[in-house]
1. Report, for segment A:137-269, the % of DSSP beta bridges that are antiparallel, rounded to 5.
2. To the nearest 10 degrees, how steep is helix A:364-378 against the longest Cα principal axis of chain A, on a 0 to 90 scale?
3. Could you provide, to the nearest whole Å², the per residue accessible area of the protein assembly as shown with probe 1.4 Å?
4. Across the residues of A:200-211, average count of Cβ atoms on other protein chains within 10 Å?
5. Where the accessible area of the protein assembly as shown is counted over protein heavy atoms with a 1.4 Å probe, how much of it, in %, is carbon and sulfur?
6. Compute the accessible area of each residue in segment A:142-159 twice, once for its chain alone and once with every protein chain present, using a 1.4 Å probe on heavy atoms, and list those whose area falls by at least 50 Å².
7. Taking Cα atoms of segment B:53-161, Rg/Rh with Kirkwood Rh, to two decimals?
8. What is the antiparallel percent of DSSP beta bridges lying wholly in chain A, to the nearest 5?
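The values are calculated or read from the model by the stated rules, or taken from the named source; none is laboratory data. Quick caveat, the model's predicted, so the values are computed rather than measured. Ideal geometry is used to build each Cβ from the backbone, glycine not excepted, and the neighbour counts take in all protein chains shown. Only protein heavy atoms, including side chains, enter the accessible area calculation; ligands, DNA and RNA are left aside. Shrake-Rupley method; radii C 1.70, N 1.55, O 1.52, S 1.80 Å.
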Amino acid sequence: MAACTCPAKKNADTEGTGGSAKGDLGGPKGKPVDAELTYAPLVPRPTKRKAPARVVVHLEVREVTKPITAGVDYTFWTFGGHVPGRFIRVRQGDTVEFHLQNHPSSKMPHNIDLHAVTGPGGGAASTFTAPGHESQFTFKALNQGLFVYHCATAPVGMHIANGMYGLILVEPPQGLPPVDREYYIMQGDFYTVGKYREKGLQPFDMQKAIEENATYVLFNGSEGALVGDNALTAKVGETVRLFIGNGGPNLVSSFHVIGEIFDKVYTEGGTHFQENVQTTLVPAGGATIVEFKVEVPGTAILVDHSIFRAFNKGALGMLKVEGPEDKKIYSGKEVDSVYLGDKAVRSPAVATATREVKQGLVSLPDRIAAGKALFAGTCSTCHQPTGQGLPNVFPPLAKSDYLMKDKTRAIVTVLNGLSGPVTVNGKEYNSVMPPMSQLNDDEIAYILTYVMNAWGNKGEGVTAAEVKKVRETTARPPGAAS
Amino acid sequence: MYPASPREKTVRIESFYLDRYPVTNAEFLAFVQKRPKWSRDNVTSLFADTKYLSHWAGSTSLGPNALAKQPVTYVSWFAANAYCEWKGARLPREDEWEYAAQASTKSVNGRADAAWRQRVLGWYTKPNPPQLGNVGSGLRNYWGVYDLHGLVWEWVLDFNRSLVSGENREGGDEERDRFCGAGALSADEKEDYPSFMRIAFRSSLKASYTTGNLGFRCAANIKETP
């Protein structure tokens, strides 16, 4: 057999795409094209061009006051009137004629540093623009990838902290593989003088910014940008591509979608993809492209998995997936049964009430407070936090005739449990309540005092002495604590 | 004041006079009436851009968008300079303006006072109001000078000095200070954001530029008797 003398097959993984050295695909062909610019979460359509073009971009800087969350306003500095700035999409090799317009109402001069630019300051030095003026410069997009742009006017950190960032996608010459949905999400951290959700117009807090102590961490510039009616949408079976940027100024994002796994992650917005990723880092001043197919309906939650940012600073979005269930992939809840660990609940309210009982000082409100804490840990799993019970399964306590009619029966029920049919408010329930005799007399007294004085119930309190008497005069079922 | 470069830790400033208030529309109108070549109809495009005094009702009349006691805006550096010369004065130098402006209401130098700094920064971070206040409506500082903060930006004589420098002060890369360097790399008092913003604002200007939030006041040397 003769040895093969054919040239080695090109391997994109080892040779790469050639970077900027192979990015000059010749001069622009045809008439100049106006770039389609979109506001988040929308993304411009693929360019579908086969040859380099001259692309004209007009981006207008505006300083605007808008809600950062409900009832809280902030003065954002923006590329295009919103945070993040408008999405720019060009093709590798394109010549981009860039116009930066600073609106006459602006107080500040601004410029733009596009990370897609090969040249000093990414264009910053050429676009420094006073209010009511316009600058122009031109660059050739030599490197493909997803790039952040931002304002770089002194003080840079403050211009970025006020929302001056966006994304520019430089498509590979052949374009990105087609998908069903593309969305644009950009994270940013914000620093306000007032606390999280403190109402009113909140000024920028320089000290918090220096300390990197963010008040808000947000997707797309406001807490409501991607939730409720503004949630992203997709249909079962579709493939979703997210262009994710992180403006910073300070924080690195641990981007994660609860209930999904990224099929592909173009790490840091570059050319090659990693597969089967749970959480991906998006650097401040960096970007990432993720793709995933959605197989089942439901709401996937987009978070920065530095998780306090998600639930306490606003870094939370939603992707609502509609379509038919597929129980083979995800069953939904199959079993919902009671599990009671051997948990003894102790809370400050209980301690206070117990101490005061010993001192003979206990007040009804203290006993109710103690009972509320115990109820939450012991009873609310079945009877629900609002005492409504669960229809046809667990009887209600709120406005319950069964509970309120007979105090001794109520104590017996808590101590010894209850099995078999009971009628509550005219409805029959047939379930099992385990004995709660592991609770001491004080605790049972507090719980009953609480439930008899909550959710519209009005009754007298139950005392530890009354519980003690019932404990002494009735028998516990087998296995229960004495 | 903010040193012009890391090598200049202190700057010596001779005593000087500074206007108590920014120049008003009414005062500038008087100048335009005496020196018609500075009216918006006559000014050459070399000395003022197309928005020069565009908020006035007419070439020599103020109208509802330019009240008499509001600070004059939409004026170029050339026009501001000519006005001050007409008055026998000059524009303040950046050093002088910054020296006066670092005074808080109670102290010669409020820059280390975090509360004062946040107060000044508060104005910088708010968008321009639809109507400017009258001169004198702002804070009176230690020197008895009004409105250095909180009303309008102000021209200075050497407005392009700090970032866009003709000479090569850093002894190295002249471009280094131009966009973000001065605010980030070579600065000592990094918390003094208002200074950065003024420097950035001034260096975004050309002498013919006019904007709706940029006015001026005049200064003069104190003549020493020999």
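1. Details: 11 of 19 bridges.
If we restrict to bridges inside segment A:137-269, about 60 percent are antiparallel.
2. The answer is roughly 60 degrees.
3. 46 Å²
4. 3
5. C and S fraction of accessible area: 53 percent.
6. Buried-area filter returns A:Ala154, A:Pro155, A:Met158.
7. Working: Rg = 15.2 Å, Rh = 15.4 Å.
Rounded to two decimals, Rg/Rh equals 0.98.
8. Just about 70 percent of them are antiparallel.
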